[in-house]
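Some notes on the structure that comes next.
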Amino acid sequence: MPLNAADADFLAGLAAQLPPDSLRPAEPRYLEEPRGRWHGQAGAVALPRNVEDVARIVRACHDARVGIVPYGGGTGLVGGQIAPDGPAPLLLSLERMNTIRAVYPSENVLVAEAGVILADVQAAALAEDRLFPLSLASEGSARIGGLLATNAGGVNVLRYGNARDLVLGLEAVLPDGQIWHGLKRLRKDNTGYDLRHLLLGSEGSLGVITAASLRLFPRNRAEGAALLVVDSPAAALELFALAQAKLSGMISAFELISGVGLAFLAEARPTLRQPFVQAPDWMVLLDIGAPEGVDQPALVDDLLGTAMERGLVSDGLIAQNQTQRAEFWQIRESIPEANRHIGAISSHDISLPLSELPRFIDRAGPELAKLGAFRINCFGHLGDGNLHYNVFPAEGRSREAYENQRDAIKTCVHDLVHEMGGSVSAEHGIGRLKTGDLLRYGDPAKLAAMRAIKHALDPLGIMNPGAVLGRDQEMQGE
């Protein structure tokens, strides 16, 4: 039998290899996740201070066949940081590894340890008059190591890419305890297989990211935003094409917001000022950033005028200052909070080819109606094809009344996404929540390659056991 991480002898031996106070009992905060779907378990929490400590911990777990669950800020939404069953693992928290090691402004590079909170990375870049563009709702608590391990998306993917597009090099500890010193600052390096991209998005199942060289960008000197009312998602997509033509390279975000989402906001946050007297069925939030010398207000005015002439936009508001821009974004960023207040039956983080988005929205509602009466809040990052398609109870009913339909709802949505060439996990990852989806919709050749890679790097299956491939799939690689 593999040694259980709770075993006193193992923990005593590991503690002897580490500085004092490096092992602690698992407090409740380490065993909970934002949606409350699972309660985790852990033999103990390890809190390393440097990469050498991480290597000692991983090596000891490898030798004793003890599972390791890496832990960042605990903000993941698919259970990747939670181990609800199986032998109690060692939980490895990177929170003490929270140093910005270096900033190279002339290279547009920042080197950060895995435990640095995203907001602190952004602030360190700003202090050098630079921008680190990864931005999402949990940036005040999410840690950069976890964000890279899950290849996080956020609101600026359209312009700057996902997390993996912002990484030049990594330092990591592999499943046998070896340290990979890949913390380079190179834009070009064709020396064989790219372990960087293998670890990015692997959700801790192939190793532990301990530090990263991150790409920075020049700051935008002029920033603006607009809320534009459209008749439909199809009109929103046409508007996006027009905006790309007129604002090439300057669009930071293009967000779709539904009238259902605005209604939820009115219920959950009645003091939050709505942008329009009559809530529209659909609107988009356009955000742009321009270099010095660009008259971005005039460009947005011209876009709005042309869009209205073509019948793509029926009303619009252009932010006159940064306070108004922040108010526009507050509306968008408050939608998940309103969703939690209403209580979703089933939430879906999906992506589709851009041209298929309107057709998916048109088809999904009627398909779900065959199962029952629901409210649907469809919103998200239209510019990069990522929708948050969330299904809620009919007005006056609670989600508990639909408990036996959750799986059917999810299958209905995901089957349609798959049929239309999309992905059932756009930016949140697989974790433990979507291991069955990966098996159902994943390409067989890709799954076989993933199992082979997992077995080659982690033959004992100690790295975040049960995440991504699931326990049964992990064993098939042996």
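Annotations for the structure displayed:
- By average C-beta atoms within 10 angstrom, highest first, the peptides 452-460, 170-178: 170-178, 452-460
- Distance (nanometres) between label positions extended 7 Å along Cα→Cβ at residue 354 and residue 420: 1.6 nm
- Gained length - residue 367 relative to residue 269, 0.36 nm times residue gap less alpha-carbon distance: 32.2 nm
- Length-normalised contact order for region 376-422 - Cα pairs under 8 Å, 6+ apart - percent: 22 percent
- Computed on region 1-147, with alpha-carbon pairs under 8 angstrom and 6+ residues apart, the relative contact order is 22 percent.
- If the chain linking residue 326 and residue 403 were pulled fully straight, counting 0.36 nm for each residue of separation and taking away their Cα-Cα distance, it would gain 24.0 nm.
- With 0.36 nm allotted per residue and the present C-alpha distance subtracted, the residue 219-residue 8 stretch has 70.8 nm of extension available.
- Take each peptide in 363-370, 382-389, 396-403, count the other Cβ atoms within 10 Å of every residue, and average; sorted highest first, the result is 382-389, 363-370, 396-403.
- Surface accessible to a 1.4 Å probe, residue 379 within the full protein complex, Å²: 10 Å²
- Remark: relative contact order (the chain) = 15 percent; criterion is Cα-Cα distance under 8 angstrom and separation of 6 or more residues.
- Cα gyration tensor, region 22-104 - rounded (a/c under 1.5), prolate or oblate: oblate
- Remark: spin-label model distance residue 102-residue 37 equals 4.0 nm, labels positioned 7 Å along the Cα→Cβ axis.
- If R0 is taken as 25 Å, the Cβ-Cβ distance between residue 127 and residue 181 corresponds to a FRET efficiency of 0.40.
- Tensor-based shape of region 261-300 (alpha-carbon gyration tensor, a/c under 1.5 rounded, otherwise prolate or oblate): prolate
- Over 25 Å (Cα to Cα) - which of 184/434; 188/434; 410/446 fall in this group: 184/434; 188/434
- Aspartates and glutamates with Cα under 16 Å of residue 454, excluding same-chain neighbours fewer than 8 positions away: 176, 194, 203, 472, 474, 478
- Residue 188/residue 242 FRET efficiency (R0 45 Å; Cβ-Cβ; nearest 0.05): 0.80
- Placing unit charges on the Cβ atoms only, positive for Lys and Arg and negative for Asp and Glu, gives the chain a dipole magnitude near 440 debye about its Cα centre.
- Heavy atoms of residue 434: accessible area, 1.4 Å probe, square angstrom to 10: 10 Å²
- Among 181, 228, 155 the positive-end extreme of the charge dipole of region 132-232 (Cβ point charges): 181
- By the helix-only formula, in which each DSSP H run with n ≥ 4 contributes -39500 (n - 2.57) and the sum is divided by residues, the chain has a 222 nm mean residue ellipticity of -10000 deg cm²/dmol.
- Highest mean first, the peptides 38-48, 305-315, 12-22 sorted by other C-beta atoms within 10 Å per residue fall in the order 38-48, 305-315, 12-22.
- Cα gyration tensor category, rounded, prolate or oblate, for region 359-478 with a/c compared to 1.5: prolate
The values are calculated or read from the model by the stated rules, or taken from the named source; none is laboratory data. Values in this document were obtained by computation on a predicted structure and should not be read as measured data. Positions of Cβ are backbone-derived with ideal geometry, glycine not excepted, and every protein chain shown enters the neighbour counts. Please note that ligands, DNA and RNA were not included when accessible areas were found on the heavy atoms of the full protein model with its side chains. Shrake-Rupley method; radii C 1.70, N 1.55, O 1.52, S 1.80 Å.
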